[in-house]
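A short write-up of the structure that comes next.
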Amino acid sequence: MSAKKTSLKDIAQKAGVSTALVSYVLNGKEKESRVGQEIAAKIKEIAKELHYQPNHLAKSLRSGKTHTIGLIIADISNPFFANIARVVEDEAKKNGYTVIIGSSDENPDKSRDLLNVLINRQVDGFIIVSSEDSAEQVQDLKAKGIPFVLLDRYFPDIQTDFVSTDHYQAAYDAGNHLVSSGYKRIGMIAYKSQLFHMQERIRGYQDALKDNKIPFQKAWLKKVRFSYIESEVRATIDELMAMKPPIDALIFATYGLAINGLKYFNELRLRVPDDLAIVSFGQAEVFDLYYCPITYLKQPIGLLGQTAVGLLVNKIKDHQKGPAQILMKAELIVRASSKTKFPE
């Protein structure tokens with residue numbers, strides 16, 4: 001038989017005060033009710049002694065708030081999303097919120113299921129890294145009046161709160177860096193995706209070539225499907241290196257693409273950067289462990305996560321606030337994989 005749960009009444013009887021007074025103290029309202037410090041300390045000590053646990057469900061029913069946030073990320077195996085989840089969790093805790101995390105695995109059906117489950121759990125709001133074909137889900141949240149903030153990926157045609165890296169500028173900086181380092185045949189491997197952030201990365205890469213008077217060749221840009229990432233990255237690298245002449249530099253549009261590419265380079269015995277210079281989106285320890293440290297675009301993970309939580313908390317408190325739309329700059333971290341090329 002389980003032990004009886006301690007109630008406010010139990011604490012009140014032992015302290016010799018009213019239940020209302022105990023409630024004020026344990027909810028941090030002793031100053032408002034002008035409770036003396038001595039009696040407040042006594043009530044807290046008795047609550048601790050009796051192992052009192054507050055009834056969050058009852059509190060939620062009274063306030064209409066659960067103080068929980070739903071965080072839906074695209075791929076928990078990606079260090080970028082895993083790290084941003086940790087930041088969101090820590091920042092939410094500082095604001096008195098618990099985070100429930102789900103990974104959509106870049107699947108819109110799974111994303112929809114997660115949203116429905118968390119709505120039924122009555123979370124107060126969402127932070128969402130959108131998956132492909134999920135614009136309708138975002139519109140649905142808007143129609144239901146549920147507070148949410150889009151993180152890293154957003155839909156330019158839908159007026160929503162979002163916090164994102166400036167993906168266009170980041171890709172432009174990567175292309176510009178490679179050109180200024182002496183590379184002239186620069187390829188890119190991206191995902192076959194209509195998501196805006198991926199389209200912006202491709203656009204930034206193409207504009208960097210154009211602005212540096214390098215005629216873009218369609219064959220330099222390869223797009224692979226997320227579900228077939230390993231096999232299609234290998235096939236595209238074969239195609240790029242079989243060109244006459246082959247590319248001399250390559251931008252990976254995501255961390256996952258880069259990891260698969262680097263593994264294949266080892267099999268092919270391609271030397272980085274002698275045979276091929278590399279720049280990748282996303283930061284990870286593995287880029288330091290590769291025999292040639294990889295140049296990468298460092299997204300401001302801490303600031304992205306903290307800002308997203310701040311926007312959502314404000315949105316939960318004031319549903320009428322207009323959408324805040326924030327773009328942040330990625331920092332190009334130059335390493336040995338894109339060192340200046342000697343003239344041919």
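Here, each number is a calculation from the coordinates, and none is a lab measurement. The model shown is predicted, which means the values in this text are computed figures rather than measured ones. Here the Cβ is made from the backbone with ideal geometry for all residues, glycine too, and neighbour counts use every protein chain on show.
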Modelling each spin label as a point 7 Å along the Cα-to-Cβ direction, I'd like the ALA143/LYS317 distance in nm, to one decimal.
3.1
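For an R0 of 35 angstrom, estimate the FRET efficiency from the Cβ-Cβ distance between LYS213 and ASP274 and round to the nearest 0.05. The partial results should precede the final answer.
Numbers: r = 25 Å, r/R0 = 0.73.
That pair, LYS213 with ASP274, gives E of 0.85.
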Whole-Hz Karplus ³J(HN,Hα) for the stretch 230-240, in order, using 6.51 cos²θ - 1.76 cosθ + 1.60 and θ = phi - 60°, x for Gly and Pro?
5, 5, 6, 5, 4, 5, 5, 5, 4, 5, 5
Expressed as a rounded percentage, what relative contact order does the stretch 86-201 have, with Cα pairs under 8 Å and six or more residues apart?
19
Amide H partners (placed H, <5 Å) of ILE127, local residues excluded:
GLY70, LEU71, ILE72, VAL149
Just to check I understand the Karplus step: with θ = phi - 60° and J = 6.51 cos²θ - 1.76 cosθ + 1.60, what whole-Hz values come out for the stretch 217-223, glycine and proline as x?
10, 4, 5, 6, 9, 10, 10
With just the Cα atoms defining each centre, how far is the stretch 174-226 from the stretch 276-344? Give it in Å.
17
With axes computed from alpha carbons, what is the tilt in degrees of helix 108-120 against the longest principal axis of the chain, rounded to the nearest 10 within 0 to 90?
10
Contour minus end-to-end for ALA82 and GLU38, with contour as 0.36 nm per residue of separation and end-to-end as the Cα-Cα distance?
11.3 nm
Compute the length gained on full extension between ASN116 and MET243: take 0.36 nm times their separation in residues and subtract their Cα-Cα distance, giving the result in nm to one decimal.
40.9 nm
Ignoring everything except DSSP H segments at least 4 long, calculate the 222 nm mean residue ellipticity for the chain; use -39,500 (n - 2.57) per segment, divide by total residues, nearest 500.
-14000 deg cm²/dmol
Kirkwood Rh and Cα Rg combined as Rg/Rh, the stretch 186-344:
1.04
Among MET198, MET243, MET188, MET328, which comes first, then next, by fewest other beta-carbon atoms within 10 Å?
MET243, MET328, MET198, MET188
Could you pull the Rg and Dmax for the chain, using just the Cα atoms, both in Å?
26.0, 89
In debye, nearest 20: dipole of the chain around its Cα centre with unit charges on the Cβ of K, R (+) and D, E (-)?
880
Hey, what angle do you get for helix 79-94 against the long axis of the chain, alpha-carbon based, 0 to 90 degrees rounded to 10?
20
Just want the answer: with Cβ charges of +1 for Lys and Arg and -1 for Asp and Glu, which residue in ASN260, VAL286, GLY310 is farthest toward the dipole's positive end in the stretch 224-344?
GLY310
Run the quick spin-label model on GLN53 and ILE158: label points 7 Å from Cα toward the beta carbon, then report their separation in nm to one decimal.
3.8
